[in-house]
Every structure is written in C-alpha cells, then in structure tokens.
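For reference, the structure is listed below as structure tokens.
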Amino acid sequence: MALQIYNTLTRTKEPFTTIEPGKVRMYVCGPTVYAQAHIGHAMSAMVFDIVRRYLEYSGYEVRYVMNYTDVDDKIINKANELGEDPFALAQQYIDEYNQDLKNLNILPATLNPRATEEMDFIINMIAKLVKGDHAYVADGDVYYRVEADEDYGKLSGRTLEGMNAGSRIQVDERKEHPMDFALWKSAKPGEPAWESPWSKGRPGWHIECSAMNCHHLGEQIDIHGGGNDLIFPHHENEIAQTESITGKAFSRFWMHNGMLMLKGEKMAKSLGNIISIREFLKQHPADVFRLLVLSGSYRAPLIYGEDVLNQAEQVLKRLTGVKKPALTGAKGLSEAQYQLLMEAAEKAKIDFVEVMDNDFNTAGALAVLFELVKSLNQARSDGATQEQLQPALNRFSELTGVLGLTLEESSSSAEGGQADAFIDLLVNLRQTLRTEKNWALADKIRNDLLNLGVAIEDSKEGSRWSWN
RNA sequence: GGCGACGUGGCCAAGUGGAAAGGCAAGGGUCUGCAAAACCCUCAUCAUGGGUUCAAAUCCCAUCGUCGCCUCCA
C-alpha cells in the first residue's frame, strides 16, 4: 500500500499522487510576524517538517515553500506602539522564528518568500481578478466577489446562505456581499504602502499566499498545508482567488494540523495562553516537543500540559537509552539470537513504512520503534557485542532520523562538559568506596549527584554516569 | 444559529467491518550490597441508546459531551 493522505477537500484519505512524478510541490502557511512565535506555531511547523522528511525518505524531491506575512495591521500597530519601523520589526521576528525552527531541528524550507517582496506578483494577480470580473474596486479598495464563484465554500463545507445566518460579519456598505473579502486595502497616512492601479495601499492576507504559490510553485501544487484554523476563510479564499484565474484545481491535497490545546483551549495570542518556543526550549530539549507532536495524530488537537510533558520526558529517556553501549565483557549472542535481532530490525523498517504510509501515523511509528527498542535492549542484556548491536542500532537511528528526532545524550549545556572530569573523579572515588563496602558514603555520593542531575548506574563491570 | 472535527484503560494514544498497538503511571518478579537501568508478568470490550451485518470501537440514526471555525489566528 502506497502513501495515503487525508485530504480536507474531500474529507477522505486518498492515494498520494503528484503532478510531476517524483516531485512534490508543497506550500505551508507560515506565521504573521508580529510577536514571538509560540509552541502552537511550532506544532504546525513540526507537523509539516515530519511530512516533508517522510516524503523525502519515500524518494520524493520536495520543493517546500513556507511564507512569511510581513505586512499586516497587527505588525503596523505593534510597530507604532513601540515607535519602531514596521519592516525592521518584522525582520526581527523573522530572524527569531528562523532561529526557533532551527533549535527545534526543523529543516529549513526550500524557500521563504515574504509578502513585501512579492508586490508585483500580488498586484498582477489582483489585476487579473478585476479584469475577469471576479473582483471589483470600491474607494481604492479591491474586493473579491464571492457570488461570482460557483463553488465558493467547497473546502470548508459552507454556503453563502449558511454563513449569513447568525454570522458576526460587520456590514460594510461598499461591499456587494458581506462575505466579499479585501484583496487590496488603501493605506492610511503614515502606513506602509505600495503603488497600485487602485490606490496606494497594501494587499489583503489571502491574495499574498495565492500569489506566492503561483510565483514559486506554479498554478497547481501537490500539497497545501496549515493549521485547521486557516481552513476558513484563508484557504477557502486562496482557492477562490487562484482557481478564478487559472480555471484549474489549485492544490491536489489540503492538509491541516490540529490545534495545540492548553487547559481545554486553543493556544493563541488573542487568548493570552501562550508559551513561546523560547520558554519551552529553556525547560525541555527539542526532542520532547517533537515527541509530543509525534505521539498523536497531526490532525487531532494536541493536549498540552504537565502530564503529557512528563510522559514525553520519560519516552525520550527510553528512546535515548537504547543507544547505551554493549555490556562490558559481553560474550556475544548466539547465531540464532543474532538472527532474531536482525529480523526485528528489518521488520521495524517495513512496519514503519506501512504505518507512516497511512496518513503519517506517527503514533504508530513510535510503537514500531518501541518494539525495536525492546529487541535491542533484550539483545544487550543477553550479552550482545557492540558489533552485533550496531546494524539494528543503525536502523533505529535511520528511522528516528526520519521523524526528526536527534536523541542526543543530554548534557548540561551550562557547564559545557567542563564538569565531566570532576564527575569522573567522584564516580571513581565512589568505586573505591564500594570495593571497600563503604555503602553509606557510596550511596551518599550517588544521591547527591542525582540531586545535581547526574545519574549513576552500577553494574558488575563498573559504573557509568549520565546527565539526567 | 450554521459548518467541521472528535469522544478508546488512571494519563497520552494507534486502530475505521473479523480475536482492543504502543508509551507513561501502577502492582508483582529477575538482576543488584541497596538502588537505577534493563528484562519477564499483570492491568480496557472502545460516551450512551437504537439499527444494519454471520461479524462493529470501526457503517447508519438519535442523544449527551468536548473542541475548532464562522473576526485576526499555525
């Protein structure tokens, strides 16, 4: 069974096919850069990082475009508040976000276009819409005419009638229909503005993405992604704009990640329940966040809280622990035992692909990895040599790498390894105490080191320590 | 009010017609000077009520509940 992807457009899983064989054109909506990014943004970026990594693992060449919306009311307001230049402010947040993504081990996109650098394409696209009567000009603003679009609402399952009923849309006299949305907005004095045939102004959010898509990926793409809060109106409008011009199906697949939930509510700036990526990474390694994302379905809400964090920390320890070296003095596995380990490693790869092919079932993939962990741990305690463990360990690293996990042995970054020699000294001293059966003092050293974050494990052959 | 998603053990969570994956936590055991780690064992009939089927967590209907969107939002 080949890769199947759930398509929001059809609400079903469909076999994945691409416009051009072996190549994927993929666009994901990035953030509007007016504040520090939070872990909800990180979830979305990480989901599509995993999608991208798996597509590449499956042999596709992926052209991955993630945009930045770098001109918008919120950015302008924030800049005015701070008395700063809006462009400089946006640039600062873009730089920070890029660093955040890097810290989360999220691969850089092939391209990060931004609205302010695409004005010609945006204006050109609006002009085409006006020319084709899909849009109209009112007082220097340009609006998209939803009533001229027969299948408007096909992504979100809404109808114009349904949206009118009980809606909270403010009536704007200049609009022909309440659902008509702005493609171009004339600027107030002092606001950033670009010349256009209609007014000095700036583009609406939705048209930016349509334009960047067409410019960098073409009129038709394979995957369009984003948070499920973007389904309506953003993605609905992107479809309307793009298809009105091209007359062709815009994106073959629409993928939407679920929201990150904090105490039963979506994490969002407007709700104020935010944990920034920076705050998170101060407390936890990037792998912990990745495991949170991996442990559920990307489409479902991710429940964030103390419990799941602790669980992810434990999971990380277990996954990292499998890389421990063979027992000192290991006698080696029998041929039959070794064959079992090798079979487990091969099965893991087959099973991994099978579950991931099912709409990126990462929770299933983790279960596969845990089975391999168990086989490896068993082999080690059965006395496998490092040489015997290595092939299965390599397979393990290959698969965890596809998921973007680094599984680095945690180290105390603050000391930068400078404490190691002193810890070695203490551990060796404790060994001497143990041979002298001075258990009380040996145990005190072990406990005190544990309180400092250093865990000691004893075995017949000696002790090893690691940062906890 | 409209549209959409969802409700699986203490917690997280896969599975979308044919004997309930996995992890965390918990309990018992092996190992250990004692621990830790690791290994072995134990731990659910899938919100509720109907229906379809030889067979349903999986399909259909209803009810209850949760969340998202309908205004900017990953």
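What follows is calculated from the coordinates using simple rules that are stated; it is not laboratory data. Please read these numbers as outputs of a predicted model, since none were measured by experiment. Cβ atoms come from the backbone with ideal geometry, glycine included; neighbour counts cover every protein chain shown.
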How many residues does the range A:299-311 hold that are closer than 29 Å to residue A:230 by Cα and either surrounded by fewer than 16 Cβ atoms within 10 Å (Cβ to Cβ) or near RNA strand B (Cβ under 8 Å from one of its atoms) (or both)?
9
Is the range A:10-24 home to any residue that is away from RNA strand B (no atom under 13 Å from the Cβ), acidic (Asp, Glu) and either touching a Pro at 6+ places or on another chain (Cβ under 7 Å) or outside any strand (DSSP E or B) (or both)?
no
Between a residue in the range A:202-215 that is in contact (Cβ under 8 Å) with a residue 12 or more places away in the chain and any residue that is among the hydroxyl-bearing types (Ser, Thr, Tyr) and crowded, with 24+ Cβ neighbours inside 10 Å, which pairs come within a Cβ distance under 7 Å, given they are 6 or more apart or on different chains?
A:210/A:242; A:213/A:27; A:213/A:242; A:214/A:242
Given the residues A:291, A:327, which is the only one that is in a helix (DSSP H, G or I), within 11 Å of RNA strand B (Cβ to nearest atom) and either over 18 Å from the mean Cα position of the chain (by Cα) or not β-branched (Val, Ile, Thr) (or both)?
A:291
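Could you say whether any residue in the range A:197-209 is within 14 Å of RNA strand B (Cβ to nearest atom) and touching a Gly at 6+ places or on another chain (Cβ under 8 Å)? Show your work before the answer.
Going through the range A:197-209, the residues within 14 Å of RNA strand B (Cβ to nearest atom) turn out to be A:202-209.
Among the residues that remain, those that are also touching a Gly at 6+ places or on another chain (Cβ under 8 Å) are: none.
No: zero hits.
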Specify which of the listed residues (A:424, A:443) is under 26 Å from residue A:318 (Cβ atoms) and within 39 Å of the chain's Cα centre (by Cα).
A:424
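Does residue A:316 count as near RNA strand B (Cβ under 10 Å from one of its atoms), within 20 Å of residue A:37 (Cβ to Cβ) and among the hydrophobic types (A, V, I, L, M, F, W, C)? I'd like the intermediate steps shown before the answer.
Values: near RNA strand B (Cβ under 10 Å from one of its atoms): yes; within 20 Å of residue A:37 (Cβ to Cβ): no; among the hydrophobic types (A, V, I, L, M, F, W, C): yes.
Answer is no for this residue.
Among helices (runs of 4 or more DSSP H) lying entirely in the range A:371-468, which contain 1 or more residues that are near RNA strand B (Cβ under 10 Å from one of its atoms)? Please lay out each step first, then the result.
Details: elements: A:386-402, A:420-435, A:439-451.
Where helices (runs of 4 or more DSSP H) fall fully within the range A:371-468 and carry at least 1 residues being near RNA strand B (Cβ under 10 Å from one of its atoms), they are A:420-435, A:439-451.
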Just one of A:155, A:230, A:260, A:183 is in contact with a Lys or Arg (Cβ under 9 Å, 6 or more places away or on another chain), buried (at least 17 other Cβ atoms within 10 Å of the Cβ) and in contact (Cβ under 8 Å) with a residue 24 or more places away in the chain; which is it?
A:260
